[in-house]
Amino acid sequence: MCGIIAYIGPRDVRPVLLDGLSRLEYRGYDSAGLATLDGDRGSLSIVKKAGRIAELARVVHESTLPPAHQGISHTRWATHGEPTDVNAHPHADGSGDLAIVHNGVIENFQTLKKQLEAEGHVFASATDTEVLSHLIGRAYSESTETGSQRLSGAVKQALRGIKGTYGIAVMHRDHHGLIVGARRGSPLVLGIGEGEMFLSSDAAALLPYTNKVVYLKDFDLVELRAGQFDIQSLTSGRSAFEIEELGFAPDAAERGGFPHYMLKEIHEQPQTIENAIRGRLNAEESSALLGGLNLSPAALRDVERVVVLGCGTALHAGMIGAHMLEDMAFVAAESECAGEFRFKNRPLPRNTLFFAVSQSGETADTLGALREARRRGHIGLGICNNVASTIARESDGGTYMHAGPEIGVAATKSFVSQVAIFGLLTLLLGRMRHMSAGTGTGIIQAYAQLPDQITRILEHQAQIESIARKYAQARSMLFLGRQYHYPVALEAALKMKEISYIHAAGFASSELKHGIIALIDPETPTVILCPQDSLYEKNISTIQEVKARRGPVIAMATEGDTGIKDHADDVIYVPRTLDMLQPILSIIPLQLLSYYTAVALGRDVDKPRNLAKSVTVE
Ligand code: M6R
């Protein structure tokens, strides 16, 4: 949540910051700002504005902000104080000589603010960040150190009194040629260019400039100069680091001709499946290879129970994963909302294996739940897309999704990737138990067909667009599914409400008669997931029950099921695969349905209101 980009080098910093902010805008987009330091005139200038980056860019272009070669900037998702000009970052200290941008939450800011106010400090904003700027400013004015140590020493001293999380970038008028960054709990990546340095909360924002990065660790402090950097530990001397190469193509975070990232990411899903399974299918043994789990065959064989933790879309993928593990691998499994698990006192067998599922790898609730599971002595593994994320680093092992950057706030390709990975895990654990080689081979063959099957679904997007237009004015929509398709119904409803703002709710179809049926009327469309599986007849009955109350029905059915047209108002077909993998195909037209509904309503698809891509606050 919130995005930071900082630059120091030969370029005019203004376009670099504005370009970086627009790449980070998906992390938070209620206000934005930048500070530049002009060495020739010795001036520190701050420009900030409520609203989108385009609004900030307009103000910057109209301003007299002089060209400069170093600056810090921020796009905000409000936590403390409303999204106003004054609450936007950067924040200055009392002297106006120091500017800071900050991601994270200072938990003890109220206490610190009162102390500072008693000393005479006056605050302009309602933010926790301004308190941090004053703390650094106070430490700076009291410091007896000289050179860059005076600024970085003041940052260290101020951070010692902080409870909470931070990723920060700081500049001071007296330190032309220096930017100081530090992190704890909020990601910060150093980008190394030729004679220039960057600091960003997301490596993808650095792609146009460099592919050489250092992922800073918690309690790292970095001093950036145009041609060099120095990483220290906030707690002791030097901090070890590794320069890594970004594995993404330079245009991986571009829209590539699509009107929205979400549509681009939906269309990437054939490739997403290939990336998730590459090198992980073992045809010879009819099993899967997941070396990153870091568990011996004996340890995997001893697993008594699996608990999957996640939030939002990742939780829905986890529900499907848990169902697969029970259904096909005969391992007791369940998924739990990460934000609930961490505060519960659940008795679980000793050999319970935990999976924290998270695209960003930074979701605070999922990270908290993973930490809690490990604190209780369990093995905690991660299924993440972001390889350098906190969850990836703190887990005992796991599996990367290799899905490439997901920029649209609505999770799409990460969902199919997570479900595909749970399929691999099911294959691996199943083949260690009662799953036959024939069943294992069938799963491997089904995986091979998925990319082409997804492509076939995408070819029908025009039909899905016209269904979306037909129902776009609905005030409420229902999604019903059974077994593997119950979490698909939840996920489809989440997509719909998140980007179209139409109220949407997903239920197990069996629940219809237990209250939900009261909502059925001619103005409320119901999407019924009706694959040709063992529960097909029951799903047809569900359609009948809705139709009997004059509710419009959109059925999602299996290719070739022409008979369903007699029951439903509209039919969306998907190819058939194994039950356990069917959600990967079924969700795709429903992602498109929500996408085209949101477009028809003129919504900001990639940046829906009130949301942010990575939820790093509790
Ligand atoms: O990065 P994560 O996978 O941990 O994110 C979890 C949820 O915040 C996320 O899936 C959210 O529900 C999406 N916006 C849904 O589209």
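Just one of the listed residues (GLY137, GLY120, GLY153, GLY161) is on the phi > 0 side of the Ramachandran plot and either in the same structural domain as ILE46 (by TED's automatic domain parsing) or surrounded by 23 or more Cβ atoms within 10 Å (Cβ to Cβ) (or both), namely GLY120. Residues that are hydroxyl-bearing (Ser, Thr, Tyr) and touching a Ser or Thr at 6+ places or on another chain (Cβ under 9 Å) within segment 75-123 comprise THR75, THR79, THR84, SER95, listed in sequence order. Here is the figure for segment 178-207: residues that are in contact with a Lys or Arg (Cβ under 8 Å, 6 or more places away or on another chain) and of a type in the set (Asp, Glu) total 2.
Here is a yes/no grid of residues against (1) farther than 27 Å from LEU246 by Cβ; (2) over 27 Å from the mean Cα position of the chain (by Cα); (3) at pLDDT below 95:
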| residue | (1), (2), (3) |
| --- | --- |
| GLN110 | yes, yes, yes |
| LYS113 | yes, yes, no |
| GLY161 | yes, yes, yes |
| LEU190 | no, no, no |
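Has segment 40-51 got any residue that is within 15 Å of ASP19 (Cβ to Cβ) and crowded, with 18+ Cβ neighbours inside 10 Å? No. Could you tell me whether segment 508-522 includes any residue that is assigned by TED's automatic domain parsing to the domain that holds ASP570, of a type in the set (A, V, I, L, M) and buried (at least 22 other Cβ atoms within 10 Å of the Cβ)? Checked against the condition, which is being assigned by TED's automatic domain parsing to the domain that holds ASP570, of a type in the set (A, V, I, L, M) and buried (at least 22 other Cβ atoms within 10 Å of the Cβ), segment 508-522 yields no hits at all. Taken together, the residues in segment 581-616 that are hydrophobic (A, V, I, L, M, F, W, C), out of contact with any Phe, Trp or Tyr (no Cβ under 7 Å at 6 or more places or on another chain) and within 11 Å of the ligand (Cβ to nearest atom) amount to 2.
As a summary of the residue check, TYR400 satisfies the conditions (1) surrounded by fewer than 24 Cβ atoms within 10 Å (Cβ to Cβ); (2) touching a Ser or Thr at 6+ places or on another chain (Cβ under 7 Å) except for the one numbered (2). In a residue-by-residue description of segment 241-252, the property of being assigned by TED's automatic domain parsing to the domain that holds ARG160, in a strand (DSSP E or B) and either over 19 Å from TYR400 (Cβ atoms) or in contact (Cβ under 8 Å) with a residue 40 or more places away in the chain (or both) applies to at least one position. Applying the criterion of at least 2 residues that are within 16 Å of the ligand (Cβ to nearest atom) and of a type in the set (Phe, Trp, Tyr) to the helices (runs of 4 or more DSSP H) found wholly in segment 389-479 leaves 413-431.
Per-residue answers, yes or no, for (1) surrounded by fewer than 24 Cβ atoms within 10 Å (Cβ to Cβ); (2) over 24 Å from LEU293 (Cα atoms); (3) touching a strand residue (DSSP E or B) at 6+ places or on another chain (Cβ under 9 Å):
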site	(1), (2), (3)
GLY404	yes, no, no
SER417	no, no, yes
THR426	no, no, yes
GLU465	yes, yes, no
LEU490	yes, yes, yes
LEU494	yes, yes, yes
LYS497	yes, yes, yes
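Where strands (runs of 3 or more DSSP E) fall wholly inside segment 517-579, the ranges with 1 or more residues that are over 16 Å from HIS460 (Cβ atoms) and without any contact (Cβ under 8 Å) to a residue 60 or more places away in the chain are 526-530, 553-558. Of the residues making up segment 375-399, those that are in contact with a Cys (Cβ under 8 Å, 6 or more places away or on another chain) and at pLDDT below 95 number 2. Figure legend. Inter-residue proximity from segment 411-424: first residues not assigned by TED's automatic domain parsing to the domain that holds HIS316, second residues within 13 Å of the ligand (Cβ to nearest atom), beta-carbon distance below 7 Å, spacing 6+ or different chains. No pairs are indicated.
Tally up the residues in segment 70-91 that are at pLDDT 90 or above, surrounded by fewer than 19 Cβ atoms within 10 Å (Cβ to Cβ) and not acidic (Asp, Glu), please. Of the residues in segment 70-91, 2 are at pLDDT 90 or above, surrounded by fewer than 19 Cβ atoms within 10 Å (Cβ to Cβ) and not acidic (Asp, Glu). Scanning segment 343-375 for residues that are away from the ligand (no atom under 14 Å from the Cβ) and charged (D, E, K, R) yields LYS344, ARG346, ARG350, ARG371, GLU372, ARG374, ARG375.
Here's the yes/no breakdown for (1) in contact with a strand residue (DSSP E or B) (Cβ under 6 Å, 6 or more places away or on another chain); (2) not hydrophobic (A, V, I, L, M, F, W, C):
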{"residue": "ILE5", "(1), (2)": "yes, no"}
{"residue": "ASP12", "(1), (2)": "no, yes"}
{"residue": "GLY20", "(1), (2)": "yes, yes"}
{"residue": "THR36", "(1), (2)": "yes, yes"}
{"residue": "ILE46", "(1), (2)": "yes, no"}
{"residue": "LYS49", "(1), (2)": "no, yes"}
{"residue": "PRO66", "(1), (2)": "yes, yes"}
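No other residue among MET319, MET324 is more than 16 Å from the ligand (Cβ to nearest atom), closer than 30 Å to GLY339 by Cα and surrounded by 21 or more Cβ atoms within 10 Å (Cβ to Cβ) apart from MET324.
Checking the stated criteria, GLU340 turns out not to satisfy the condition of being away from the ligand (no atom under 16 Å from the Cβ) and surrounded by fewer than 24 Cβ atoms within 10 Å (Cβ to Cβ). For segment 480-502, name all the residues that are assigned to a strand (DSSP E or B) and either within 16 Å of the ligand (Cβ to nearest atom) or aliphatic (A, V, I, L, M) (or both). Listed by number, the list holds a single entry, LEU480.
The values are calculated or read from the model by the stated rules, or taken from the named source; none is laboratory data. Here the structure is a predicted model, which means the values were calculated and not measured. Note that we place each Cβ from the backbone using ideal geometry, even for glycine, and neighbour counts take in every protein chain shown.
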